[in-house]
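Values in this text are rule-based calculations from the coordinates and carry no lab data. Since the structure is predicted, the reported quantities are computational estimates derived from the model, not experimental observations. Here Cβ is always computed from backbone atoms with ideal geometry, including for glycine, and neighbour counts include all displayed protein chains.
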Amino acid sequence: MDSINPLVASAVAAAIPLMLAALGELVTERSGVLNLGVEGMMLVGAVAAFAAVAHGGGLGAAVLAGVLAGALAALAFGVLTISLQASQVATGLALTILGTGISAFLGRGYVGSRAAASFEELPIPGLSALPLVGPFFSLTLLGYVAVALLAAITWFLFRTRGGLVVRTVGESPAVARSLGMRVSRIRYAATLFGGAMAGLAGCYYAVAQFKMWQEGLTSGNGWIALALVVFATWRPLRVAIGALLFGGVTALGLYLQTVGIHISAFALASLPYLATVAVLVATSSNQLALRRNAPASLGKPFFDGD
Amino acid sequence: MTLWKKLVLGVGALALASAAAAQAPLKMAWVYVGPVGDGGWTYAHDLGRKEVEKRLGAKVQTTYVESVPEGADAERVIRDLAAKGNQIVFTTSFGYMEATLKVAKSFPKVTFYHATGFKSAPNVVIYNSRMYEPAYLAGIIAGHMTKKNSLGFVASFPIPEVVRNINAYTMGARSVNPKITTKVVWVNTWYDPSKERQAAETLIGQGCDVLLQNTDSSAVLQTAQDKGAYAFGWDSNMTAYAPKAHLASAIEVWGGYYVQVAEAALAGKPIKTTVWGGMPEGMNDLVGVNAALPDNVKKQVADKKAEIVAGKFHVFQGPIKLQDGSVKVAAGQALTDKEIDSINWYAEGVEGKLPN
């Protein structure tokens, strides 16, 4: 039984940055904007956060740098797709490539060193010793913030007027416009928020999880975050569950190897992806649920004359 | 021909050769798979290139191209370097093998040196480093430092190069303490910090307290530091990442070989034979040994290293037993290079089954 908690801890640790990035993208997509540049924004955020601590900025500066860098990258995306009406898919892909390249270039001097400051685990006495759920009470400060953000975003999207406005714009920008909503501004805000969250996820990788910088640090997790949004049918709580599931399946695959259950390593490696496909099939078999939650204008440009 | 004439001709030829050398330096080029700043594999090759520049100065002219993907781009880059008049081209990644062979056909006067491959040609020479030697020494240290008699290995792909490192690490540890066993986790990637970290967490969660990895990032080492375990660096000296957890780093050293290749070419007798070098040739090393280690451990590692360097000890000499305790290599015998290069079995003490 004492091997369960490390397994859960490993899953939780892997899930947090995925959840952060996916929640950001969820808000962006809820406003009707599809930003495929999550991976690029995460990398830019990661290198900015690492640079901030490397130059003596401390952890607050790291978070700020990560968030700002991610938002800045998202701003570039917003200018191209919202103001200039460029293709969201093409621009998002370009943003990923750009972010990968820029972060590698800016990070050259940091390869080979440990993060000068880092977030450490803050276990809550008593709770963190519980079996199974203990690891949820042994997160870093950034981890607790991520959980708080999950609650805040859920509340915002479904319990506030602001959330209703974002969802309306994503559903039908024309109707939103006719009601006097500033579609472009709202989409900008949602896109910037998505970038900031991706930047925060990158920051988590650089100074809370890996505590280092290496080229391509996020190793494709931005794409997983994108898949999680669809997987979760655009519902925040399901994003969190999906992220846990993904982290858990990877951890389980590695765990099974050490206890001598002999499944081909290649089959184990494909488990997370098989799980993703299985859940996607399950969710899309329920077309109604998918249609009810998917923003109807996702990926479609809208010109509101602002 | 009289002796006198021979002498004059010889001196003349020498003078010509050195004059030519003075006029036109030997042009050498390197093709790297990663960025020079990866702190690992490519970084080590570039240190080798810099060593050539330092030792031979104006006699050579070196260039490199970094981050060249293993595919169509590689062939274009290698062809371009050969066409630009480089007499020697080092292609430093396994995946450049076919591209190197293809370009070599079009440039018979250029000599290509391909790292870690297995196909050669008249002007394609293979070179590799016996990383299982430092892995064995790391095992000795691990054997002393483990408290739970349980080691962990984060492995990339189930190929002989990796399997023999797992065996060497385990054999080194068991030479100190025969109760030790090694758990292996396969991550099926050379580079994925996220997965490497999860693998390390899993191993530590399973009670392993000294880890080694065959992957490229420092994630395993950092995880060990966070969780109060020990680990080693791989490919480059990774002390700075985790000063407390870092026991030592197993590294390749290419500089000596690159200088030899350059000097041989300058002397007009280019090296054309496959080189699979190790500690005796100075092609790898165990560096950054943690100063906090007990003196007897440091001494034992240094002694074993000296034995390897002197050729008195071979990692894959008998007796070596398989997992079921049966004898694989009898005492007094040793595996041939060909056998070492096709190892597909776990030595006694490694847990689990080798994936196929």
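Here are the numbers:
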item: Value at 222 nm in deg cm²/dmol, rounded to 500, when DSSP H runs of n ≥ 4 in chain B each add -39,500 (n - 2.57); result: -12500 deg cm²/dmol
item: Scaled radius of gyration (Cα, divided by 2.2 N^0.38 Å) that chain B gives; result: 1.08
item: Angle in degrees between helix B:193-205 and the longest Cα principal axis of chain B, rounded to the nearest 10; result: 30 degrees
item: DSSP bridge pairs, the protein assembly as shown: antiparallel proportion in percent, nearest 5; result: 20 percent
item: Cα-only radius of gyration and Dmax that characterise chain A, units Å; result: 19.4, 63
item: Only Lys, Arg (+1) and Asp, Glu (-1) charged, at Cβ; segment B:250-356 dipole about Cα centre in debye; result: 140 debye
item: Gaussian network model of chain B, springs between alpha carbon atoms under 10 Å - residue of B:Gln323, B:Gln333, B:Gln213 with greatest fluctuation; result: B:Gln333
item: Estimated FRET transfer efficiency when R0 is 51 angstrom, pair A:Ser113-B:Val275 (beta carbons, to 0.05); result: 0.95
item: Chain A: most fluctuating residue of A:Ala251, A:Ala14, A:Ala267 per GNM, C-alpha cutoff 10 Å; result: A:Ala267
item: Cα shape, segment B:154-214, gyration tensor, a/c 1.5 rule; result: oblate
item: Tensor-based shape of segment B:77-232 (alpha-carbon gyration tensor, a/c under 1.5 rounded, otherwise prolate or oblate); result: prolate
item: Label point distance in nm, B:Asp324-A:Ile4, each placed 7 Å from Cα along Cα→Cβ; result: 3.6 nm
item: Stretchable slack from A:Ser178 to A:Leu130, in nm (0.36 nm times residue separation minus alpha-carbon distance); result: 11.9 nm
item: Unit Cα scatterers, Debye sum, segment A:30-104: log10 I(q)/I(0) for q = 0.20, 0.22 Å⁻¹; result: -0.77, -0.87
item: Filtered trypsin sites (Lys or Arg not before Pro), segment B:48-87: DSSP coil and at most 13 other beta carbons within 10 Å; result: B:Lys84
item: Segment B:190-262: C-alpha pair distances exceeding 19 Å, %; result: 34 percent
item: For chain A, built as a Gaussian network whose Cα springs stay under 10 Å, the top-fluctuating residue of A:Phe105, A:Phe136, A:Phe119; result: A:Phe105
item: Pair B:Lys105, B:Glu307: separation of 7 Å Cα→Cβ label points (nm); result: 4.8 nm
item: Relative frequency of Cα-Cα separations exceeding 17 Å in segment B:192-320, percent; result: 66 percent
item: Relative contact order of segment B:66-218, pairs being alpha-carbon contacts under 8 Å that are 6 or more residues apart, as %; result: 19 percent
item: Distance cut-off 23 Å, percentage of C-alpha pairs in segment A:120-224 lying past it; result: 48 percent
item: Per principal axis, descending, Cα span of segment B:277-328 in whole Å; result: 38, 27, 15
item: Helix B:41-56 axis, angle to chain B major axis (alpha carbon atoms, nearest 10°); result: 40 degrees
item: Charge dipole magnitude, Cβ of K and R +1, D and E -1 - segment B:312-356, Cα centre, debye nearest 20; result: 100 debye
item: Estimated translational D of the protein assembly as shown in µm²/s (Stokes, Kirkwood radius over Cα pairs; 25 °C; 0.890 mPa s); result: 91 µm²/s
item: Chain A: DSSP helices with Cα axial extent of at least 27 Å and average Kyte-Doolittle hydropathy no lower than -0.5; result: A:4-30, A:58-78, A:183-204, A:236-258, A:265-285
item: Relative contact order [Cα under 8 Å, 6+ residues apart], chain A, whole percent; result: 37 percent
item: Gain upon complete extension [A:Val147, A:Ser87; 0.36 nm per residue less C-alpha separation]; result: 18.3 nm
item: Listed residues A:Leu288, A:Gly194, A:Thr250: farthest to the positive end of the dipole of segment A:189-306 (Cβ charges); result: A:Leu288
item: Where N is the number of residues in segment B:248-356, Cα Rg divided by 2.2 N^0.38 Å; result: 1.35
item: Bins of 5 Å from zero: percent of alpha-carbon pairs in segment A:74-161; result: 3, 11, 10, 9, 11, 17, 15, 12, 8, 3, 1
item: Rounded to the nearest 20 debye, dipole of the protein assembly as shown from Cβ charges on Lys, Arg, Asp, Glu; result: 600 debye
item: Taking the C-alpha atoms of segment A:189-235, convex hull volume expressed per residue in Å³; result: 85 Å³
item: Pairwise label distance in nanometres, B:Ile159 with B:Phe118, each label 7 Å out on the Cα-Cβ vector; result: 0.9 nm
item: Sum of -39500 (n - 2.57) over DSSP H runs of 4+, divided by residues of chain A (222 nm, nearest 500); result: -22500 deg cm²/dmol
item: Computed E for B:Trp190/A:Leu288 - FRET, C-beta separation, R0 51 angstrom, nearest 0.05; result: 0.70
item: Dipole-positive endmost among B:Ala121, A:Ala9, A:Gly112 within the protein assembly as shown (Cβ charges, Cα centre); result: B:Ala121
item: Extended-chain gain in nm, criterion 0.36 nm per residue less alpha-carbon gap, B:Lys148 and B:Ala292; result: 49.9 nm
item: Rounded, prolate or oblate (a/c below 1.5 giving rounded, otherwise prolate when a/b exceeds b/c) for segment A:165-306 by Cα gyration tensor; result: oblate
item: FRET E, pair B:Lys179, A:Trp223, Förster distance 56 Å, beta-carbon r, rounded to 0.05; result: 0.80
